[in-house]
Amino acid sequence: MKTWKNRFQKVLAILLAICLVTGCMGASKVQAATSKSGTTYYYTWLHRQKGGVQVYSGKKYYMTGTMKATCKGNTLTMYSSFNTSKNGTLNNQSKKAFVKYGKHTFKLTSKTKYCYYEEGGKRYSTKAHFMSTVKRLNGLGLWIKVTNGKVVEMSFHS
């Protein structure tokens, strides 16, 4: 009886260890805006999909998506995938520039600018109005410009 109990406890301990390791891997909280120097642009599509690799005409494209976005205080949390760029030019064929779907946080400041583009050019918005549009996940493209770990500008594109 004692040997079965010991074996059962060992199996449970192994299963628990496996669950802890795989659970931590799946729930990684990637901080998108961790770069403390330089500027990085993050692009995602606000359309209730996770994004990922898609193949068209034999070429791989790394498509982005956003399932949820919340803003509390000066922290924007997005459940998204992103394409990144150092110069603001989108390259959705680069695996290196692709950030996989997950929980990503961005630090906003009082100086963060919120804008959208239309025929007349760049139009500025309030943070509240901009974030309500982000949360709707209405199919717009979203650029987030991060400099020294803080969001400098966010803009919508269609």
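Coordinate-derived values only; no laboratory data. Given the structure is predicted, the values throughout are model-derived calculations rather than measurements. Backbone-built Cβ (ideal geometry, glycine too); neighbour counts: all protein chains shown.
Once you place label points 7 Å from the Cα toward the Cβ at S94 and K122, how far apart are they in nm?
So the two model labels end up 2.2 nm from each other.
Measure off 7 Å from each Cα along the Cα-to-Cβ vector at K111 and R136, then give the distance between these two points in nanometres to one decimal.
Once both label points are built, they end up 3.1 nm from each other.
Students often check this: by mean Cβ neighbours within 10 Å, which of 145-154, 41-50 ranks highest, and how do the rest follow?
The packing order, highest mean first, is 41-50, 145-154.
Which order, highest average first, do 74-87, 95-108 follow once you tally other Cβ atoms within 10 Å for each residue and take the mean per peptide?
The packing order, highest mean first, is 74-87, 95-108.
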